[in-house]
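Encoded as structure tokens, the structure appears first; notes follow it.
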Amino acid sequence: MAQARTAPGRSAPGRAALTRSRLAAVAALAAILSLSLIAASLLGARGGGGGGVSPSVAVHGASQVERLLQGIPQEAGVLGEPAAPVTLVEYADLQCPFCAEWAVTTFPELVDRYVRAGLLRVELRGLAFIGPDSETALRTALAAGEQDRLWHVVELLYLNQGGENAGWVDDELLRGIARSVPGLDEERLLAEPGSEAVGARLAEAAAAAEAAGVTGTPWFELGPTGGDLRRLEVSSLGPGEFRAAIEALLAG
């Protein structure tokens, strides 16, 4: 698949845009396969620090991620109270450096300010178009979602992100991440990425991305929970425009 991802105010030279036909191909591939980042401290954690319980490799940021997410409800790909009045949807490829930037600089503030207060729920719709490591990472995150720990794994993958398709999403890293997340069954996590349930979630996200006209990642939709979600276009990945849009919806 083409390595297509965009960021507000940036271009990706040499990268073709992710088209509707390619997204359809991702959905078809997922169906076939199913059958056969706290901001400053997390940013620093990408280069050092960490925590966790005896991972097989050094997993950066585990203790910070646990503090960020502790006590917040998770169900599959959704973080936050189901009845939260506002929903933010993120389309992301876990190898996308711009997605990692948002996860480190903005996501923690939104969690602390809105998600923990029961005002915002965040939903991940993962895509895998940059390459093989994208799909391995996403399938593992979706498998973690079967244990309601998807967001722990997603944040740790971003904080330990390697070069595109360099083979960084390997068994050793995934075991280290699994052992760094309290309550996550390591063997179940590693056994389920090829399951029918995970394949179905991959296909659902690809179909939703096609319907939404997603052309790159990260891509956001925002709106009232249970209502009309619309694309949130921002000029930067910093928290300011996200806060303003959320506050406007909360104010009615």
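The values are calculated or read from the model by the stated rules, or taken from the named source; none is laboratory data. These numbers come from a predicted model, not from an experiment. Counting neighbours? That spans all protein chains shown, and the Cβs are built from the backbone with ideal geometry, glycine included.
Couple of notes before you dig in:
- Ala45 being surrounded by 17 or more Cβ atoms within 10 Å (Cβ to Cβ), at pLDDT 55 or above and not polar (S, T, N, Q): no
- Within the option set Gly80, Gly126, being at pLDDT 95 or above, at positive phi and not aromatic (Phe, Trp, Tyr) holds for one residue only, Gly80.
- Set Arg179, Arg188, Arg175, Arg201: member being of a type in the set (Lys, Arg) and under 15 Å from the mean Cα position of the chain (by Cα): Arg201
- Here Val86 clears all of (1) touching a helix residue (DSSP H, G or I) at 6+ places or on another chain (Cβ under 6 Å); (2) of a type in the set (A, V, I, L, M); (3) surrounded by fewer than 24 Cβ atoms within 10 Å (Cβ to Cβ); (4) within 22 Å of Val59 (Cα to Cα) except the condition numbered (4).
- Leading residue by the ranking (farthest from Val86 (Cα to Cα)) among those in region 231-242 that are of a type in the set (D, E, K, R) and under 19 Å from the mean Cα position of the chain (by Cα): Glu233
- Residue check, Ala166 modelled with pLDDT of 95 or more and assigned to a helix (DSSP H, G or I): no
Quick grid of which residues meet (1) surrounded by fewer than 17 Cβ atoms within 10 Å (Cβ to Cβ); (2) polar (S, T, N, Q); (3) under 18 Å from Val78 (Cβ atoms):
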| site | (1), (2), (3) |
| --- | --- |
| Val169 | no, no, no |
| Arg179 | no, no, no |
| Asp185 | yes, no, no |
| Val214 | no, no, no |
| Trp219 | no, no, yes |
| Val234 | no, no, no |
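- Flag if Gly118 is at pLDDT 95 or above, surrounded by fewer than 18 Cβ atoms within 10 Å (Cβ to Cβ) and over 20 Å from Phe220 (Cα atoms): no
- Residues satisfying the criterion are present in region 143-159 (criterion: over 14 Å from the mean Cα position of the chain (by Cα) and farther than 19 Å from Cys96 by Cα).
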